[in-house]
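See structure below.
The values are calculated or read from the model by the stated rules, or taken from the named source; none is laboratory data. Treat the numbers as computed from the prediction; the structure is a model and nothing was measured. Note: ideal-geometry Cβ built from the backbone for every residue, glycine included; neighbour counts use all protein chains shown. Keep in mind that these areas ignore ligands, DNA and RNA; they rest on the heavy atoms of the full protein, side chains included. Shrake-Rupley method; radii C 1.70, N 1.55, O 1.52, S 1.80 Å.
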Amino acid sequence: MSGSSTIAIHADRDVYPSRAVARPIYQTAAFWAEDAEQFAQVAVDPRGHDFYTRYGNPNHAQVAAVVAELEHAEAAMVTASGMAALTTAVLGLVSAGDHVIGQQSTYGGTASVLLNLLPRLGITTTQVDQTEPGAFERAVTPRTRLILLESPSNPLLQITDLRSIAAMARTRGVLTLADNTFATPLNQRPIDLGIDLVWHSATKYLNGHSDVSAGVLAGPAEILNQIWDVAVLTGAVLGPFDAWLLLRGIRTLPMRMPRHDSNGQALAEALSEHPAVSRVHYPGLPSHPQHALAASQMRGFGGVLAVELAGGYEAADAFIGRLAHFHRSASLGGVESLAVHPAAMWRGMLSEQDIAASGVPLNLVRLAAGTEDTEDLVTDVLAAADAVAAATGSN
């Protein structure tokens, strides 16, 4: 089996081959057929790439080929965003009367699907504490059809035991779908651990340059064909140029990810010793309560960490304001470092009580380490923490 860098560069070699060294952009909405028989066939080919771009496009197929091999999946498909990947998959796999299980610590968009979208469609949902052994199994009912997983979780960096949950779900005939955005297939392959399907916000690490909104799904071809039927109807299609940009970004993922990993680790270690910081959430730290589990299913721990400032909400906001190399932004996974204060972002939508009930502390800042020089980033966060400590008297 080839290594990740070779896969990222060559896995799509036989998908619409040409003599061009860089892949051409198939900027077309439709394709013509040689005859009626061919036209009839391409019109019904699942996850096709030469009928109509809402159904598929050569650039889509090239991305899918690379992601599938990186994730050790049979097949893959692309969507217009990570949320399009999630919602299309869920709508393709469950129906009214079914039951879906998710995590308490999970991305806000996933939580909204569980709490708001699915109940409106007659689908019941349950969220469990994914750090508690047996929580998922106790939540399974005869109507459970799908379990949504995320590890590490956003933004608390909690770890889910993917191997044990996958085994339990298989014995119950329940499908599992894992968000692998934070880890990427370079650091974690859920399918190797028994998970059925994987999804990504490809906007993040897979693309890596903060210039594309995209999503991907990977798993068995038969299940993806079922999801694709819904994708054709919802029309959450990725544009050919965006697919081309995504493919170009994936080519360098194996080079970028080790720097994200090392920067995340260095920032976590530096801030864990600072008096202005009361807690650091990062699975690469031995102090993380699930460090051993993370090490057993991950090869690297990623570039995202969360820190709690000892001075509370105001200190968290002041900390971000002091950073020189981090932009205040809600995204992550690009070459540039980003920082976000979730409570400040949500303050216009939720009360402080509702924010606290979500389990995300008011003083928490999520840092997404880019690929800048490690020493520069460490110096930056420590200087910001020093300034906050001096202002709040926590030094």
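Could you please state how large a percent of the accessible area of region 184-241 is carbon and sulfur, counting protein chains only and using a 1.4 Å probe? About 56 percent, which is the carbon plus sulfur part of the accessible surface. Across the alpha-carbon set of region 33-188, the Rg to Rh ratio works out to 1.03, Rh being the Kirkwood radius. Distance between the modelled labels on A30 and S2, one decimal in nanometres: 3.6 nm (7 Å Cα→Cβ projection). Most simply put, the chain has about 55% antiparallel DSSP beta bridges, counting only bridges with both residues inside it. As I understand it, the value is the acute angle between the Cα axis of helix 58-70 and the longest principal axis of the Cα atoms of the chain; what does it come to in degrees, rounded to 10? The angle comes out at about 60 degrees. Shape summary: the chain maps onto an equivalent ellipsoid whose semi-axes, from the alpha-carbon gyration tensor, are 36, 25, 18 Å in decreasing order. With a 1.4 Å probe and all protein chains left in place, how much of the accessible area of region 1-115 comes from carbon and sulfur atoms, in whole percent? C and S atoms contribute 54 percent here. Modelled this way, with points 7 Å down the Cα-to-C-beta line, the labels at R54 and T171 are 4.5 nm from one another. Distance distribution P(r), region 223-316, all Cα-Cα pairs, bin width 10 angstrom from 0: 14, 27, 23, 24, 12, 1 percent. Per-residue extension of 0.36 nm, minus the Cα-Cα distance of H72 and A20, leaves a gain of 16.0 nm for this segment. Per the Debye calculation on region 166-234 with a single equal scatterer at every Cα and no solvent contribution, log₁₀ I(q)/I(0) for q = 0.19 Å⁻¹ amounts to -0.83. Between the helical axis of 82-93 and the longest alpha-carbon principal axis of the chain there is an angle of about 60 degrees. Between T252 and T141, the distance separating the two model label sites (each 7 Å from Cα on the Cα→Cβ line) works out to 4.9 nm.
Here's the picture: charge each Lys and Arg Cβ at +1 and each Asp and Glu Cβ at -1 in the chain, and of M255, L156, G359 the one pushed furthest to the positive end of that dipole is G359. Using Cβ point charges alone (K and R +1, D and E -1), the dipole size of the chain about the Cα centre works out to roughly 320 debye. When the Cα gyration tensor is reduced to axis lengths a ≥ b ≥ c, the ratio a/c is 1.5 or higher for region 208-264, and with a/b above b/c it is classed as prolate. Rolling a 1.4 angstrom probe over the protein heavy atoms with all chains in place gives the chain an accessible area of 41 Å² per residue.
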